[in-house]
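Structure, as structure tokens:
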Amino acid sequence: MISTTHDIRQQFPFIVEHKNAIYFDNAATTQKPQIVLESIQNYYKRVNSNIHRGVHSFSIQATEQYEEARNTIAKFINASKPSEIVFTSGTTHSINLLAECLFNTYFHENDEIILSVLEHHSNILPWQNRGKKNKVKLQFATINENFQIDVQHLKSLVNEKTKLIAISHVSNTLGSINNIEEIILFAHTYGIPVLIDAAQSIAHLPIDVQKLDVDFLVFSGHKIYAPTGIGLLYAKEKYHEYMVPLSSGGGTIIDVDLYNTQFANVPLRLEAGTPNIEGVIGLKAAIDFINKNGGIHQFYLWEEELRKYLYQQLNENFSDLIIYTTPQTPSVSVISFNVKNEHPYDVGTLLNNYGIAVRTGHHCTQPLMKYLKIQGTIRVSLAVYNTFEEIDKFIIALNKSIKMLS
Ligand code: PLP
């Protein structure tokens, strides 16, 4: 069972510090629990040393902690081997790293990649940039009436030139959960690998990469109560042969002479230089925090109650909102909306005056904004420490803000 909300809130120094603030911008980044902050401080106080290189006990301890974190994270997403986990600085870095690898070793001229119109820019630009240079074409699946990727449309785009499908598990703008199970199953009948951008699902939904049979999966630590600057690329072992080092140097090798290098296997050959050791340790602590507090499914159940309540309150109390979800849409705790005839920035600015942090704008999904023919939205995104009382206060503040604007 999940601890009470009060207990959970007490574990977040930011929440305790800002008693009167309401933080509803969790899709952008989450707050960090005390155990994460302490894990970083403890590491620097007691262990601080470089990894994989020393024979002295501090270096050995640091290496052990780093690799133990890899094991914990592998277990968290049920990777079959820790070596399938490559540490990166976050989702954006992971997708860029994968794109560079695949464009160097896997794609050929006239190949095609399928994305969707609701992708975050981080899952469009790396494919767009290299795709143009290498004459690899992008295809985009549209969305259905429930604001999810339209699976039928996506299937209709698949042909013998399709070499990768790269889509998000959950839309960062709309919160809708995509039917990735069906998409992966379909892709594999044609031998096409699938990349899942799990940046917005990792903090809300249990993820089992073996059950999903997904080929690549990426996320950022800071979206799941861990520090910024750490993330990962999960890559099924089968694809490691395509993962050649781009950024090479210390830590990536088995043997070097002046003219030739024998590289280490994945993951080390992709983790060049001194890595973000404190970030890796902080990410492990964040996963420990989730496990100690009931596990991610318990978080989801609480957040789902909150989301349903928020949706009902928005629906019942306002006649001038356009809400970008439906009661049928499977969703995580994110709701995007607009107030008719008002700019989202104006609403967001007024809410800020009431101490409420929401995100406004295009949310790094300009193609989706263009598809929906809007400039932006007001996005409320909830986490495990949010409460019904906060939603009530938000509804009152939104009401006042709308009155003020009209
Ligand atoms: N993909 C999705 C779906 C996201 O929501 C985000 C961040 O909001 C990213 C990618 C990029 O994540 P990061 O900025 O941590 O690299």
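The values are calculated or read from the model by the stated rules, or taken from the named source; none is laboratory data. Keep in mind it's a predicted model, so treat the numbers as computed, not measured. Backbone-built Cβ (ideal geometry, glycine too); neighbour counts: all protein chains shown. Side chains are part of the model used for accessible areas, which takes the heavy atoms of the whole protein and leaves out ligands, DNA and RNA. Shrake-Rupley method; radii C 1.70, N 1.55, O 1.52, S 1.80 Å.
Local charge sum around residue 262 (other residues, Cβ-Cβ under 14 Å, Lys/Arg +1, Asp/Glu -1)?
Spelling it out: positives minus negatives among the neighbours equals -1.
So if I restrict to the alpha-carbon atoms in the chain, what is the Rg, and what is Dmax, the biggest pairwise distance, in Å?
Final numbers for Rg and Dmax: 21.9, 72 Å.
Select from 369, 123, 193 the residue farthest towards the positive end of the dipole of the chain; place +1 on Cβ of Lys and Arg, -1 on Cβ of Asp and Glu, and compute about the Cα centre.
Farthest towards the positive pole: 369.
Comparing 327, 367, 193, which has the greatest mean-square fluctuation in the GNM of the chain with Cα pairs linked when under 10 Å apart?
327
So which lysines can residue 32 reach, going by Cα to Cα under 28 Å and dropping same-chain residues fewer than 8 places off?
Correct list for residue 32: 19, 45, 75, 81, 223, 284, 292, 308, 393.
For segment 37-292, what is the accessible area per residue in Å², given a 1.4 Å probe and the full set of protein chains?
Solvent-accessible surface per residue comes out at 41 Å².
For 394, 186, give me the order by solvent-accessible area with a 1.4 Å probe, most accessible first, ignoring ligands, DNA and RNA.
186, 394
With the dipole of segment 62-204 worked out from charges on the C-beta (+1 for Lys and Arg, -1 for Asp and Glu) around the Cα centre, which of 162, 152, 176 lies farthest toward the positive end?
Among 162, 152, 176, the one farthest towards the positive end of the dipole of segment 62-204 is 162.
Kindly state, to the nearest 0.05, the FRET efficiency for residue 159 paired with residue 315, given R0 = 51 Å and r defined as their beta-carbon distance.
0.75
Using Cα springs under 10 Å in a Gaussian network model of the chain, which residue among 248, 331, 201 shows the largest mean-square fluctuation?
Among 248, 331, 201, the largest mean-square fluctuation in the Gaussian network model of the chain belongs to 248.
Could you work out what % of the accessible surface of the chain is carbon and sulfur, using a 1.4 angstrom probe and leaving DNA, RNA and ligands out of the count?
C and S atoms contribute 51 percent here.
Which aspartates and glutamates have a Cα lying under 12 Å from the Cα of residue 132, excluding residues fewer than 8 positions away in the same chain?
Once the sequence-local aspartates and glutamates are set aside, what remains near residue 132 is 109, 111, 112.
So for each of 171-182, 371-382, 264-275 I average, over its residues, the number of other beta carbons within 10 Å; can you give me the resulting order with the highest mean first?
So the order, starting with the most tightly packed, is 171-182, 371-382, 264-275.
Compute the signed sum of charges (Lys and Arg +1, Asp and Glu -1) over the other residues within less than 15 Å, Cβ to Cβ, of residue 365.
Net charge around residue 365: +2.
Under unit Cβ charges (Lys, Arg +1; Asp, Glu -1), what dipole magnitude, rounded to 20 debye, does the chain have relative to its Cα centre?
Dipole about the Cα centre, nearest 20: 580 debye.
Leaving ligands and nucleic acids out of the surface, order 101, 364 by accessible area at 1.4 Å, largest first.
Final ranking, largest accessible area leading: 364, 101.
Between rounded, prolate and oblate, where does segment 118-172 land on the alpha carbon gyration tensor, with a ≥ b ≥ c its root eigenvalues, rounded for a/c under 1.5, else prolate if a/b exceeds b/c?
Judged from the Cα gyration tensor, segment 118-172 comes out oblate (a/c at least 1.5, b/c at or above a/b).
What is the helix-to-structure angle for 388-405, meaning the angle in degrees between its Cα long axis and the longest Cα principal axis of the chain, kept from 0 to 90 and rounded to the nearest 10?
With both axes taken from Cα atoms, the answer is about 60 degrees.
For the chain, take the longest principal axis of its alpha carbons; what is the angle in degrees between that and the long axis of helix 125-134, to the nearest 10 within 0 to 90?
50 degrees
Computed over the Cα atoms of segment 97-137, what is the convex hull's projected area averaged over all directions, in nm²?
Mean orientational projected area (segment 97-137, Cα hull): 2.7 nm².
Counting only other residues whose beta carbon sits under 11 Å from that of residue 225, what net charge do I get with K and R as +1, D and E as -1?
In short, +1.
So what are the three principal axis dimensions of segment 267-398 from its Cα atoms, in whole Å, longest to shortest?
54, 34, 33
Can you tell me which of 85-93, 232-240, 288-296, 218-226 comes out highest on packing, and rank the rest after it, using the mean Cβ neighbours within 10 Å?
The peptides rank, most packed first, as 218-226, 85-93, 232-240, 288-296.
With angles folded into 0 to 90 degrees, how steeply does helix 296-317 sit against the dominant principal axis of the chain? Use alpha carbons for both and round to 10.
Once rounded, the angle reads 30 degrees.
Tell me, what is the percent relative contact order of segment 201-255, built from C-alpha pairs under 8 Å that lie six or more residues apart?
26 percent
Run through every distinct alpha carbon pair of segment 105-251 and return the Kirkwood hydrodynamic radius in angstroms, one decimal place.
So the Kirkwood estimate lands at 16.0 Å.
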